[in-house]
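The next block holds one structure in the form of structure tokens; read it before the comments.
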Protein chains: 2
Amino acid sequence: MADESQKWVLMVTAQTPTNIAVIKYWGKRDENLILAINDSISVTLDPAHLCTTTTVAVSPAFNQDRMWLNGKEISLSGGRYQNCLREIRARANDVEDEKKGIKITKKDWENLHVHVASYNNFPTAAGLASSAAGFACLVYSLAKLMNVQEDNGRLSAIARQGSGSACRSLYGGFVKWVMGKEENGSDSIAVPLVDEKHWDELVIIIAVVCSRQKETSSTSVMRETVETSALIEHRAKEVVPKRIIQMEEAIQKCDFATFTHLTCADSNQFHAACLDTSPPIFYMNDTSHRQVLLTSSY
Amino acid sequence: MADESQKWVLMVTAQTPTNIAVIKYWGKRDENLILAINDSISVTLDPAHLCTTTTVAVSPAFNQDRMWLNGKEISLSGGRYQNCLREIRARANDVEDEKKGIKITKKDWENLHVHVASYNNFPTAAGLASSAAGFACLVYSLAKLMNVQEDNGRLSAIARQGSGSACRSLYGGFVKWVMGKEENGSDSIAVPLVDEKHWDELVIIIAVVCSRQKETSSTSVMRETVETSALIEHRAKEVVPKRIIQMEEAIQKCDFATFTHLTCADSNQFHAACLDTSPPIFYMNDTSHRQVLLTSSY
């Protein structure tokens, strides 16, 4: 007969929207900690539209950490998942649910395992930042479950270790990922640029040109760009810093013309860097070319 | 009754191949003289394959300069044609054809008009350097007709004023267009890098993906790139000079691996610069993407 004390399950569910960069993150200076070679700025979408919903559960009956993505079990053995789980566990605190008669001490978390179920309501790994929403949601829901007492800025530095752009999904509205200077990445965090409600009449249209999974992961292409592109360093050091300043000003002023011009130019430059990679990467096709040209004509 | 002396016509026919850049020319520092922002290197094709055939004729019966391209009359009023005609006329010498009883003095050329008929045996204005072959052939045939006593290097500086890349078609084999430093463009000329027969087992395959005329001329796109791309100056000043040295060495050594790697990388970087232009220019489509990826896999 099963031990009664093994029967309880504690769960937390969270929802995190994806974010779309308007000044792109492309290139890492540290592959393990996921530290970028330039600052980036994004808009977090409305969770009612594109989001990840994640439920994390803990129970003494679980004998290992497990995760299901869109209903299919996936491995948690990768460094990125392990880094997030380790960092959150290290900050876990006492949790008590009097109604259920559950009491978990800070120390208990070292031996308890979690189960994670995550769903995206949009195509996964198809250029819509599913890993950003996914890791932000994973870190946030685990933090709630384990009663982590850190603000979203600190949590963003943990989510960043799952997927760089995930740090920006911890806040709504316009968010900047400050690349930081520290070797341990402690200052490489997300900061909201404005109040979440600022410029909320802005409408973002997502045109899904192709919902197939990417053939190559962003991680490996990004690495190849940093290793082989003759333009990426100039972009990161000379071009982006100026654009970040201009973009922040455009957002503050709700200056649509400058905002869209910079967004298009930076998106095209990111694609240019991919094309300057050896072998080259084409994320656009004839259909997206036509859309870009249509957009540029406004 | 017509004046007997008006009846003669003197003609010269020349054939000039197109050339394909392996280190690309993209961007001018002087629009009128056509001076480039970087050196470039090309391979001149076999005239039996892609070439322009031009016949130039002079007769006292002609009352204006006229030109036909692929059988259709085109205007010679543009600055580029006028620059080439003026420069060649300024260097004209005495011409005598005893058999025909024709004698033209240096001075006569100022008042004589030419007719030009030019044919391309390949698609015009479709990315195959038709203007390069065309202007090189125009300048060369006019120089022969008018008995101009300049070497091909000096002629290349005239052809350059018709179309930048035309200067490289004055020589066979591997040719470098030295951007030069002089404001008047006198040192912006083509030089053969090796003997015309060097590495002549190299086979060039031209895959025509689309033979429609380009929607925007190279000239205007190039100008927009120089004006709006945040990467083009870095390419011209930092990237290309290194590649030129590496490419010259690869050509000298017939080093196919380095040669193709540099050629592909530079072609992709040229397309990247076009994509970094505002509004962006896409010269490639899904078919050419597939070809590039096929090539990169070797």
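Within this structure, A:Ile206 passes the test of being touching a residue at least 24 places away in the same chain (Cβ under 8 Å), assigned to a loop (DSSP other than H, G, I, E, B) and either among the hydrophobic types (A, V, I, L, M, F, W, C) or within 14 Å of chain B (Cβ to nearest Cβ) (or both). Determine if region B:232-252 includes at least one residue that is β-branched (Val, Ile, Thr) and over 30 Å from A:Ala236 (Cα atoms). Yes: one or more hits. Kindly indicate whether B:Ala230 is touching a residue at least 40 places away in the same chain (Cβ under 8 Å), surrounded by 13 or more Cβ atoms within 10 Å (Cβ to Cβ) and among the aliphatic types (A, V, I, L, M). Judged against the criteria, B:Ala230 is a match. Screening region B:262-290 for residues that are of a type in the set (Asp, Glu) and facing chain A (nearest Cβ under 7 Å) and picking the one that is surrounded by the fewest Cβ atoms within 10 Å (Cβ to Cβ) gives B:Asp286.
In region A:47-78, which residues are part of a strand (DSSP E or B) and either out of contact with any strand residue (DSSP E or B) (no Cβ under 8 Å at 6 or more places or on another chain) or surrounded by fewer than 17 Cβ atoms within 10 Å (Cβ to Cβ) (or both)? A:Arg66, A:Trp68, A:Lys72, A:Glu73, A:Ile74, listed by residue number. State whether one or more residues within region A:250-261 are surrounded by fewer than 23 Cβ atoms within 10 Å (Cβ to Cβ), within 12 Å of another protein chain (Cβ to nearest Cβ) and in contact with a helix residue (DSSP H, G or I) (Cβ under 6 Å, 6 or more places away or on another chain). No, region A:250-261 has no match at all. Residue count for region A:250-261, restricted to those that are closer than 15 Å to A:Ile204 by Cβ and not in a loop (DSSP other than H, G, I, E, B): 4. Within the span defined as region A:149-158, every residue fails to be polar (S, T, N, Q), outside any helix (DSSP H, G or I) and buried (at least 24 other Cβ atoms within 10 Å of the Cβ). Report whether or not A:Ala14 is surrounded by 12 or more Cβ atoms within 10 Å (Cβ to Cβ), at pLDDT 95 or above, in contact with a helix residue (DSSP H, G or I) (Cβ under 6 Å, 6 or more places away or on another chain) and assigned to a strand (DSSP E or B). In short, yes. Counting only residues that are part of a helix (DSSP H, G or I) and among the hydroxyl-bearing types (Ser, Thr, Tyr), which one in region A:211-249 is nearest to the other protein chains (Cβ to nearest Cβ)? The qualifying residue nearest to the other protein chains (Cβ to nearest Cβ) is A:Thr228.
For region A:186-205, a tally of residues being surrounded by 12 or more Cβ atoms within 10 Å (Cβ to Cβ), out of contact with any Ser or Thr (no Cβ under 8 Å at 6 or more places or on another chain) and among the β-branched types (Val, Ile, Thr) returns 2. If the condition is being in contact with a Pro (Cβ under 9 Å, 6 or more places away or on another chain) and under 24 Å from B:Pro192 (Cα atoms), then region B:100-131 contributes only B:Ser130. Annotation note: of A:Val194, A:Val203, A:Val208, the sole residue that is modelled with pLDDT of 95 or more and hydrophobic (A, V, I, L, M, F, W, C) is A:Val194. Does region B:124-144 include one or more residues that are more than 22 Å from B:Pro47 (Cβ to Cβ), part of a helix (DSSP H, G or I), touching a residue at least 24 places away in the same chain (Cβ under 8 Å) and among the aromatic types (Phe, Trp, Tyr)? No, because not a single residue in region B:124-144 is more than 22 Å from B:Pro47 (Cβ to Cβ), part of a helix (DSSP H, G or I), touching a residue at least 24 places away in the same chain (Cβ under 8 Å) and among the aromatic types (Phe, Trp, Tyr). For first residues located in region A:270-289 and free of Cβ contacts under 8 Å to residues at least 12 places away in the same chain, partners that are aromatic (Phe, Trp, Tyr) and lie 6+ apart or on another chain with Cβ distances below 9 Å form the pairs A:Leu275/A:Phe282; A:Asp286/B:Phe282; A:His289/B:Phe282. Among the numbered conditions (1) at the interface with chain B (Cβ under 10 Å from one of its Cβ atoms); (2) farther than 21 Å from B:Gln291 by Cα; (3) surrounded by fewer than 16 Cβ atoms within 10 Å (Cβ to Cβ); (4) in contact (Cβ under 8 Å) with a residue 12 or more places away in the chain, the only one that A:Leu293 does not meet is (4).
The values are calculated or read from the model by the stated rules, or taken from the named source; none is laboratory data. All values reported here derive from a predicted model rather than from experimental measurement. Using ideal geometry, Cβ is built from the backbone for each residue, glycine included, and neighbour counts are taken over all protein chains shown.
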